[in-house]
Amino acid sequence: KLAAEFPSEDIFLVTASPVIKAVTNFKQVSKTLEEFDVEEQPSSLLEKRYPNIRVIQSAVKQLRSDEHKIYTEDGKEYMYEKLCLCAGAKPKLIVEGNPYVLGIRDTDSAQAFQKNLAEAERIVVVGNGGIALELVYEIRGCEVIWAIKDKAIGNTFFDAGAAEFLLPKLTAESQETPIECKRTKYTVEGSEEKGRPTGASDKLGSALGPDWHEGLHLKGTKEFSHKVHIEVLCEVKKIHLQQEFIQLQQTSLTFPKGDKNVEADEVLWPVYVELTNGKIYGCNFIVSATGVVPNVEPFLDGNNFAVGEDGGLKVDKHMHTSVPDVFAAGDICTAAWEPSPVWHQMRLWTQARQMGWYAAKCMAADASGESIDMDFSFELFAHITKFFNYKVVVLGKYNAQGLGSEHELMLRCTKGHEYIKVVMQNGRMMGAVLIGDTDLEETFENLILNQMDLSAYGEDLLNPDIDIEDYFD
């Protein structure tokens, strides 16, 4: 976007990764909903497309904003007129530096994970966001103990009702053939030979796209399909290596089978997880899928950035940080403007793309001294994804975020087919979750955006015999 806005200026893209993430197969589904694939491409493709872009492959060591300079790890320095920080976020690991704990957030860690899984008989997954959800669903032939701190799975995206709707898919033995994956894979040259450590590497890979597990062969050693046991309302209390566990003289548990009394485990495992509910499970390794923290490290030192509570660089409604001529976009930033009542920030691919595009417009407006209106994509939170092979659309305050107790929920659910939840406040639609092919996303998007009073329709709003789309067209 910058290259198009400033065709005669030099645009530098400084990146630690040899590949860049490109958005492909972009589809505007509705006013605010967009669907796209995320693909890794060699950086030369970007330079070919825009002759004024230069890709510099090196990590940033330091930013000196008073001098308008950045210093890279390879010992070079670059002057800038305007700078945008898009360094994303890094996985929040339950413990640092343990070889049996893998963080999954990017393409490199997904490969490390696949290598380890090939020999695994049991793993423990910790976390309850999108990646944990997808992971648990995709794993075959390996026992999975899934520890979540909430009552229900997928808490970042749904409520307990949606979780109940999805759960049968976890226990279903056979599985539909996965949809063909449309993204091409680029392996990073030279990364294979060096025999990378299997744990989380210090070098940050690039963040995973929404269908990252496609094309990865996620199968353990055992010859059965799904074996998932969910431990709810608990967190990891401690992780013991084998020797420490033997000295503890505690009992670990076998994989739970139905309602039978849980038996002590005779097998010796490489690592043990002690949960806050008192249970201990042995496993081959632990996957930490517990979210991300903004990757602000190299930029804070010596610069006066205002930082949000979540650790991100605060940006105003023109994506400007508190430091002159420095903008930020995507996972690294914290939206510090007064948001629309039905938008909130979530560190997702869709928002990263929108923020990046809008930040470029803001930088251009800033350079020419023009004023600019907030982009329409920040009017309504809208995200489309796939879980367990169902299409999932979340709109507005889909989990009644920040609405207090002054709201009501309406539900319609057809087992194995669709799940629809609407969040209402004072007769107005504030949010919705749509699972399955409901074809209601556009109608609901409009109803949330125009804040029409729907109290007159009552329960009929979700009556399957009433064609609501035609009604509100």
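General observations
- Of the strands (runs of 3 or more DSSP E) contained entirely in the range 306-408, those carrying at least 3 residues that are of a type in the set (A, V, I, L, M, F, W, C) fall at 326-328, 382-387, 390-396.
- Checked against the criteria, L117 does not count as open to solvent by less than 60 Å² (accessible area, probe 1.4 Å), within 30 Å of P7 (Cα to Cα) and of a type outside the set (D, E).
- Among the residues making up the range 128-157, those that are closer than 23 Å to W269 by Cβ and either polar (S, T, N, Q) or open to solvent by less than 10 Å² (accessible area, probe 1.4 Å) (or both) are A132, L135, V136, I139, G141, C142, V144, I145, W146, A147, I148.
- Annotation: F26 fulfils all but one of (1) part of a strand (DSSP E or B); (2) touching a residue at least 24 places away in the same chain (Cβ under 8 Å); the unmet one is (2).
- Just one of the numbered conditions (1) within 22 Å of A329 (Cα to Cα); (2) assigned by the TED database to the domain that holds C333; (3) out of contact with any Phe, Trp or Tyr (no Cβ under 6 Å at 6 or more places or on another chain); (4) in contact (Cβ under 8 Å) with a residue 24 or more places away in the chain is not true of E47: (4).
- Flag for D66 being of a type in the set (D, E, K, R) and either modelled with pLDDT of 90 or more or more than 20 Å from P294 (Cα to Cα) (or both): yes
- Residues of the range 415-469 that are within 21 Å of F165 (Cα to Cα), hydroxyl-bearing (S, T, Y) and either outside any loop (DSSP other than H, G, I, E, B) or in the same structural domain as S30 (by the TED database) (or both): Y419 alone.
- Any hit, the range 66-81, residues being part of a strand (DSSP E or B) and within 26 Å of the chain's Cα centre (by Cα): no
- Of the criteria (1) within 30 Å of N303 (Cα to Cα); (2) open to solvent by less than 60 Å² (accessible area, probe 1.4 Å); (3) of a type outside the set (S, T, N, Q); (4) not in a strand (DSSP E or B), which one V55 fails: (4)
- Scope the range 26-52; condition open to solvent by 30 Å² or more (accessible area, probe 1.4 Å), under 30 Å from F381 (Cα atoms) and not basic (K, R); matching residues: F26, Q28, V29, E35, L46
- Being assigned to a strand (DSSP E or B) and either hydrophobic (A, V, I, L, M, F, W, C) or buried (at least 19 other Cβ atoms within 10 Å of the Cβ) (or both) is true of V287.
- From the list V95, V23, the one residue that fits, being β-branched (V, I, T), closer than 30 Å to K391 by Cβ and surrounded by fewer than 19 Cβ atoms within 10 Å (Cβ to Cβ), is V23.
- Filter result for V267 (under 28 Å from the mean Cα position of the chain (by Cα) and of a type outside the set (D, E, K, R)): no
- Test: residue in the range 254-277 that is outside any loop (DSSP other than H, G, I, E, B), basic (K, R), without any contact (Cβ under 8 Å) to a residue 24 or more places away in the chain and over 15 Å from E121 (Cα atoms): no
- Screening E235, E309, E297, E244 for residues that are of a type in the set (D, E), open to solvent by 30 Å² or more (accessible area, probe 1.4 Å) and more than 25 Å from the chain's Cα centre (by Cα) leaves exactly one candidate, E244.
- All positions within the range 427-473 that are surrounded by 12 or more Cβ atoms within 10 Å (Cβ to Cβ) and of a type in the set (S, T, N, Q): T438, T443, N446, Q451, N463
The values are calculated or read from the model by the stated rules, or taken from the named source; none is laboratory data. Given the structure is predicted, the values throughout are model-derived calculations rather than measurements. As a convention, Cβ positions derive from the backbone with ideal geometry for all residues, glycine included, and neighbour counts pool all protein chains shown. When the accessible area is computed, the model is the full protein with side chains, heavy atoms only, and any ligands, DNA or RNA have been set aside. Shrake-Rupley method; radii C 1.70, N 1.55, O 1.52, S 1.80 Å.
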